[in-house]
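Input: a single structure, listed below in structure tokens.
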């Protein structure tokens, strides 16, 4: 594969001086004029949007998920007749968190997705099957990126929790690439493995995953048992695509000419590698850009040149800050559930969430003070209707469980808000 | 019905600037005739508005229904609150119920890059109601290639959401769904809207117009396996409103009258729609670009689909 010397294997310092700084300056000037949130933040931090962009980036505060909500109204109004699409998540306050997009966003994001997918060494003869349980909109967008790379055959394959029945036509499609989310892959894996053992003459070569972390042990098992290469697509609702693995499988390439990572309190690992919570600045996002936005990932960044020839930094996601988790690729936030439990009760209080894997589903256990036991049915009802959770519950992909414990459980020591015992994480 | 119409008009006037501009003062509705004296809402009214003037509350925008095709002359996307989205799901359920297909029937949706987001929403709805559904992206495939992919999935129902596939010879799929193909009824044996021996004549295909799901040539008539009984359902949809009605093999379009109040403009037979279950962006006496004849009950017959 030939890499673009202007970007993919460019000298990073040159890229910073000639592309990134311009991108940041243009972003800062634009957002200062269009967003009351940024105007306030820039003024508060004493940042002139026309100053040196690297100094400005250093001075600007980190942006939280709560801050993100403050962008929505301005972004929506600013998009006006250019509004094209919206991405939503469960939201950190119970209301869906929204990212509005223009057609320019769609095209810019497609361009980046194409760069990322090119790293997966796809061929025009590949047959790509997107396997999921619900809304196919993100896969439509992936399909468009693959189409632009010349891939002809892309099929969205919607499945249900009865995997034996749902997956029975997968063998007929005989994909060369399976594209899905790790939790669904984990849930359906025994069925998939059995089918591939029974059908030796198949073409599957690669699995691409996104939306969640894939446990290293599970990854190795899939690679060995199915004889496939695994690639990761990395991104977020608020940032869109950020990067992807290459055939060297030594981290996720992120494209700093488009999205700039900032590490919070970085820890130096070696000469080229640092570790810390990452915050992203999106330079090509048209309607709703973010500056130093905390998506909740703790990463290790290696800036050394990759064996594949790319010079772009590579990251490995090594953890999550504990405010959120993912179910079948859908992001949920601790605050969503906390607010849901307590808003109807007109109270405030404690909550711990424990995630675990059962045979064919995830289990979501809510640990609450025993004084709320009399309100169990009200709590369950309100949890049931949390945005996007209802679908997973109805389809049997997720099971809810509420447990009541003495109040001392919450006050006696510092406990984590979320404990994730799921094996595929 | 009057109470529902009054409620939606009052709500729209109180909460949505475009209606205050249009009506000038709060309408007093004491009869259906009063309602029918309200001015039509037209696309041109939207052209002069900013986005926050056409909805009740920016903070309630939860979803955007993609247009049927990437290009649309309506200046805004279809904006929905979570309530509106739920209502759209209910309308979809109503439409599917009219077909009589079995619960759990499997679907394959054929789409292309122009229509894929709208078709994706249909897939989303089908999966929600537990119809196993796959979607194939049609590119420069031949008909035979697409048929091969479809045959691998062996669906009970096929939804054609692309204008790239116009031949279905020998596909042997009993239920065919299309979108805005009012002029084409592939049901075999064919049925007229008035039953056997009825007087209605299917209008000829007209080129252009919204959706562009129709074949580019009026001569490109699809054929099916001769011995198969085919049921062809056509979904009538508008980008700015969503799906509205479904044509059964009998030939008329059925719409849920709990969700729509349907009229036609007597001067030009243009279909005029009022949405009864939208809170973010209700359409009141919205003059579409499509012509129809109203039939008894909650039925109409489309005679032309214009450009949106």
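The values are calculated or read from the model by the stated rules, or taken from the named source; none is laboratory data. Fair warning: this is a prediction, and the values are worked out from it, not measured in the lab. Heads up, the Cβs are rebuilt from the backbone with ideal geometry, glycines too, and the neighbour counts pull from every protein chain shown.
Let me confirm something: among A:149, A:107, A:178, which residue is assigned by TED's automatic domain parsing to the domain that holds residue A:251 and touching a strand residue (DSSP E or B) at 6+ places or on another chain (Cβ under 8 Å)? Being assigned by TED's automatic domain parsing to the domain that holds residue A:251 and touching a strand residue (DSSP E or B) at 6+ places or on another chain (Cβ under 8 Å) holds for just one of A:149, A:107, A:178, which is A:178. When the residues of region A:149-173 are filtered to those that are more than 22 Å from residue B:143 (Cα to Cα) and part of a loop (DSSP other than H, G, I, E, B), the one that is farthest from the other protein chains (Cβ to nearest Cβ) is A:149. The residues of region B:158-179 that are in contact with a helix residue (DSSP H, G or I) (Cβ under 9 Å, 6 or more places away or on another chain) and either modelled with pLDDT of 90 or more or within 14 Å of chain A (Cβ to nearest Cβ) (or both), listed by number, are B:158, B:159, B:161, B:162, B:164, B:177, B:179. Residue pairs whose Cβ atoms lie under 6 Å apart, separated by 6 or more positions or on different chains, with the first residue in region A:1-29 and in the same structural domain as residue A:120 (by TED's automatic domain parsing) and farther than 30 Å from residue A:121 by Cα and the second outside any loop (DSSP other than H, G, I, E, B) and at pLDDT 90 or above, are A:21/A:53; A:24/A:53; A:25/A:53; A:28/A:56. Among the residues that make up region A:34-44, is at least one of them touching a residue at least 12 places away in the same chain (Cβ under 8 Å) and farther than 21 Å from residue A:68 by Cβ? No - not one qualifying residue is present in region A:34-44. The residues listed here are B:131, B:182, B:117; of these, the one that is within 26 Å of residue B:67 (Cα to Cα), within 10 Å of chain A (Cβ to nearest Cβ) and touching a strand residue (DSSP E or B) at 6+ places or on another chain (Cβ under 7 Å) is B:131. Does residue B:123 satisfy the condition of being within 13 Å of chain A (Cβ to nearest Cβ), within 19 Å of the chain's Cα centre (by Cα) and not in a helix (DSSP H, G or I)? Spelling it out, it is not the case that residue B:123 is within 13 Å of chain A (Cβ to nearest Cβ), within 19 Å of the chain's Cα centre (by Cα) and not in a helix (DSSP H, G or I).
Scanning region B:100-114 for residues that are in contact (Cβ under 8 Å) with a residue 24 or more places away in the chain, out of contact with any helix residue (DSSP H, G or I) (no Cβ under 8 Å at 6 or more places or on another chain) and either on the phi > 0 side of the Ramachandran plot or crowded, with 16+ Cβ neighbours inside 10 Å (or both) yields B:101, B:104, B:105, B:112, B:114. Only one entry in A:287, A:278 is touching a helix residue (DSSP H, G or I) at 6+ places or on another chain (Cβ under 7 Å) and buried (at least 18 other Cβ atoms within 10 Å of the Cβ), namely A:287. Here is the figure for region A:202-249: residues that are under 13 Å from residue A:315 (Cβ atoms) and free of Cβ contacts under 8 Å to residues at least 24 places away in the same chain total 0. Just so you know, in region A:77-133 the residues that are under 16 Å from the mean Cα position of the chain (by Cα), under 30 Å from residue A:163 (Cβ atoms) and part of a strand (DSSP E or B) include one that is modelled with the highest pLDDT, and it is A:132. Does residue A:311 qualify as being out of contact with any strand residue (DSSP E or B) (no Cβ under 9 Å at 6 or more places or on another chain), buried (at least 19 other Cβ atoms within 10 Å of the Cβ) and under 22 Å from residue A:24 (Cα atoms)? Answer is yes for this residue. Quick check on region A:398-409. Is at least one of its residues part of a loop (DSSP other than H, G, I, E, B) and either at pLDDT 85 or above or not assigned by TED's automatic domain parsing to the domain that holds residue A:161 (or both)? Yes, region A:398-409 contains at least one residue that is part of a loop (DSSP other than H, G, I, E, B) and either at pLDDT 85 or above or not assigned by TED's automatic domain parsing to the domain that holds residue A:161 (or both). Scanning region B:294-303 for residues that are more than 11 Å from residue B:262 (Cβ to Cβ) and not in a loop (DSSP other than H, G, I, E, B) returns B:301, B:302, B:303.
For region A:148-179, name all the residues that are surrounded by 21 or more Cβ atoms within 10 Å (Cβ to Cβ) and at pLDDT below 95. A:158, A:159, A:170, listed by residue number. Within region B:34-52, the set of residues being part of a helix (DSSP H, G or I) and either touching a strand residue (DSSP E or B) at 6+ places or on another chain (Cβ under 8 Å) or more than 10 Å from chain A (Cβ to nearest Cβ) (or both) comprises B:34, B:35, B:36, B:43, B:44, B:45, B:51.
Scanning region B:69-108 for residues that are more than 14 Å from chain A (Cβ to nearest Cβ) and outside any helix (DSSP H, G or I) yields B:98, B:99, B:100, B:101, B:102. A single entry from A:211, A:243 fulfils the requirement of being closer than 21 Å to residue A:331 by Cα, touching a helix residue (DSSP H, G or I) at 6+ places or on another chain (Cβ under 7 Å) and not in a helix (DSSP H, G or I): A:243.
Only one of the listed residues (B:117, B:83, B:93) is over 21 Å from residue B:9 (Cα atoms), in contact with a helix residue (DSSP H, G or I) (Cβ under 9 Å, 6 or more places away or on another chain) and surrounded by fewer than 17 Cβ atoms within 10 Å (Cβ to Cβ). That residue is B:93.
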